Amino acid sequence: MTHRAQPSPATIAPVVRFAPSPTGRIHIGNARTALVNFFFAKKHGGKFILRFDDTDSERSTEEYALGIEVDLAWLGVIPDAKFRQSDRFAHYGAAARRLREAGRLYPCYETPEELERKRRLQIARGAPPVYDRAALKLTAAERTALEAAGRKPHWRFKLAPEVVRWDDLVRGDSHIDCASLSDPVLAREDGSYLYTLPSVVDDIDSGVTHIIRGEDHVTNTAVQIQLFWALGAEKPPHFAHHNLLTGADGQGLSKRTGALSIAGLREAGVEPLAVAALAALTGSSIAVQPVHSLPELAGLFDLSAMSRNSARFDEAELRALSQRVLHGLSYESVRDRLAARDIVGFKAEPLWVCARGNLTRCADILDWWSVVEGDITVVALPDDLRAAALKALPPEPWDETTWAAWTAAIREATGLKGKALFHPLRLALTGREAGPELAKLLPLIGRARALSRMGG
Ligand code: GLU
């Protein structure tokens, strides 16, 4: 028998969720899931929920949860609502009771060793290693005896032996034959829940309309759809499973190793918009490109443009993109970041505009700030050039034509031109071999500072 998921109509405003377990900081692959959900919600005037899947109390921490929020905020992803599963155990208990009463959740007493032995036997016989439902055949007396002997049950969801179909918004028409699956364990011996039941209960209670997540969850989907049905949600959400990012080596990214963590990229000075653009657009038919704002990226993004092939993430590409993003950022968009570094006042904007094209990281602007505002070490001019330069230095007010007028006068006096003239002047004024256009920098350095740097 086949049973197709008939999701709620797409006309209502979508509700989506990003559901990390706070057992580590998020990496760029997790950020991809968050952004894809966030953009989907923004595009359709919907709601984006941040849900912490922290039922594993051993490994989940408050620090990681806070850290994930910080990482998302850095990317510009601000949830409309948030909650944690550890606050909702009563709801999972109620759902489990309901399933039990409907005969869909049953106690099992096998130890891991017993299960492993069964599995090996099945494989040896050439049979699929599917749980044999032996626990369903236990009599009440046998169960009582097992419990009297100290055995505690874990609980399995009794799957209907049918093919479950759904129309995946990325992968298209999809199906899984539940007859070939083991009944999944929903609750452990100690009463704690595995991810499956809490996730479905929360998706129902928070009115989630679209479950958008990595394709590593495709295999969970049929079970979850059956759970939606079993818990009375006749129209389960739409599902979309996006492809996963792999590292340059083709291997998956792991939260535990900290590979390409968002926190690490932030500390390395990578631009958040570059991380977001690469995370969202890699492995889709939309070209990865520098963007100027998150809304611009949200506008480019299209769920249906995501491909089914895995998407290789290249760190060198990220670094190059970060620079291109940085070079295109308006002063408005960095004003707060500059102010946080005390780059304020009337010079802040013109300095940003003239120096941004020379930056590798945003923080490097501090160096150019010290060139126009601070004390720096410079390289002295040769005597003859120095004398001519000091003599020809025009009076203020200065503007972008001052440099040309000044250097023309020095050329006249010394016969020096081209690099022989400009390079020593650059070293004397900025102490740096290269940098932004001196015509723009000179008025920001100002006459008094220029004079003193040249020893005038
Ligand atoms: N906590 C799960 C994960 O991080 C959520 C999966 C889902 O989106 O359903 O993989």
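Which order results if 386, 453 are arranged by neighbouring Cβ count within 10 Å, fewest first? Could the numbers behind the result be given before it?
On the way: 386 16, 453 22.
Taking fewest neighbouring Cβ atoms as first place, the list is 386, 453.
In the chain, what percentage of the DSSP-assigned beta bridges are antiparallel, given to the nearest 5? The partial results should precede the final answer.
Details: 16 of 35 bridges.
Antiparallel bridges: around 45 percent, rounded to the nearest 5.
With the Cα gyration tensor of region 287-327 giving a ≥ b ≥ c as the square roots of its eigenvalues, does the rule (a/c under 1.5 for rounded; else a/b larger than b/c for prolate; else oblate) give rounded, prolate or oblate?
Working: a/c = 3.74, a/b = 1.19, b/c = 3.15.
Because a/c hits 1.5 or more and a/b fails to exceed b/c, region 287-327 counts as oblate.
Kirkwood Rh, the chain, all Cα pairs: how many Å?
26.4 Å is the Kirkwood radius here.
Quick one: plug the Kirkwood hydrodynamic radius of region 114-265 (C-alpha pairs) into Stokes-Einstein at 25 °C, 0.890 mPa s, and report D in µm²/s.
Rounded, D is 134 µm²/s.
So which aspartates and glutamates pass the test for residue 42, namely a Cα distance under 17 Å, with those fewer than 8 places away in the same chain ruled out?
Result set, ordered by chain and number: 80, 296, 302.
Check residue 84: other-chain or 5+ apart residues with amide H under 5 Å from its amide H, H built from backbone geometry?
52
As a test of the formula, what do you get for the chain when each DSSP H run with n ≥ 4 contributes -39,500 (n - 2.57) and the sum is divided by the residue count, at 222 nm and rounded to the nearest 500 deg cm²/dmol?
Result for the chain: -13500 deg cm²/dmol, rounded to the nearest 500.
Put one equal scatterer on each alpha carbon of region 1-126, apply the Debye formula with no solvent term, and list log10 I(q)/I(0) at q = 0.16 1/Å to two decimals.
-0.99
Using +1 on the beta carbon of Lys and Arg, -1 on that of Asp and Glu, and nothing else charged, what's the dipole of region 39-172 about the Cα centre, debye to 20?
The calculation lands at about 720 debye.
Averaging over every viewing direction, what projected area does the convex hull of the Cα atoms of region 365-456 cover, in nm²?
Values: hull surface 20.7 nm².
That works out to 5.2 nm².
Taking the alpha-carbon centroid of each part, what is the distance from region 429-448 to region 329-377 in angstrom?
Region 429-448 and region 329-377 have Cα centres separated by 13 Å.
Starting at the first residue of region 172-182, write each ³J(HN,Hα) from the Karplus equation 6.51 cos²θ - 1.76 cosθ + 1.60 with θ = phi - 60°, in whole Hz, x for Gly and Pro.
With the stated coefficients, region 172-182 comes to x, 4, 10, 8, 9, 8, 5, 5, 9, 10, 6 Hz.
Region 1-41: D in µm²/s via Stokes-Einstein (Kirkwood Rh, Cα pairs, 25 °C, 0.890 mPa s)?
193 µm²/s
Would you mind checking which residues have amide H under 5 Å from residue 431's amide H? H placed 1.01 Å from N; only 5 or more apart, or other chain.
Under 5 Å from the amide H of residue 431: 379.
What is the mean projected area of the alpha carbon convex hull for region 282-402, to one decimal in square nanometres?
Values: hull surface 45.2 nm².
The Cα convex hull of region 282-402, projected and averaged over all directions, gives 11.3 nm².
Roughly how many Å is it from the Cα centre of region 161-180 to that of region 294-327, as a whole number?
Between the Cα centres of region 161-180 and region 294-327 lies a distance of 30 Å.
Please name which of 353, 446, 410 has its Cα lying farthest along the dipole of region 345-456 towards the positive end, using unit charges on Cβ (Lys, Arg +1; Asp, Glu -1) and the Cα centre as origin.
410
Return one number: the angle in degrees, 0 to 90 and rounded to the nearest 10, between the long axis of the Cα atoms of helix 315-327 and the longest principal axis of the Cα atoms of the chain.
Between the helix axis and the principal axis of the chain, the angle is about 50 degrees.
Compare the Cα positions of 76, 102, 201 along the charge dipole of region 71-205 (+1 at Cβ of Lys, Arg; -1 at Cβ of Asp, Glu; about the Cα centre) and return the one farthest towards the positive end.
102
Could you order peptides 352-362, 144-154 by the average number of other Cβ atoms within 10 Å of their residues, highest first?
Descending packing order for the listed peptides: 352-362, 144-154.
To the nearest 20 Debye, how big is the dipole of region 254-316 about its Cα centre, given +1 on the beta carbon of each Lys and Arg and -1 on that of each Asp and Glu?
Here the size comes out at about 320 debye.
About the Cα centre of the chain, how large is the charge dipole given +1 on each Lys and Arg Cβ and -1 on each Asp and Glu Cβ? Please answer in debye to the nearest 20.
480 debye
Strictly over 24 Å apart at the Cα level, which of 82/152; 391/419; 347/391; 391/440; 118/158 would you flag in this model?
Values: 82/152 34 Å; 391/419 20 Å; 347/391 26 Å; 391/440 21 Å; 118/158 19 Å.
Violating the 24 Å limit, Cα to Cα: 82/152; 347/391.
So what's the angle, to the nearest 10 degrees on a 0 to 90 scale, between helix 218-230 and the longest Cα principal axis of the chain?
It is inclined by approximately 50 degrees.
Where a number appears in this text, it was derived from the coordinates with a stated rule and is not lab data. Here the structure is a predicted model, which means the values were calculated and not measured. Glycine also receives a Cβ, built like all others from the backbone with ideal geometry; neighbour counts cover every protein chain displayed.
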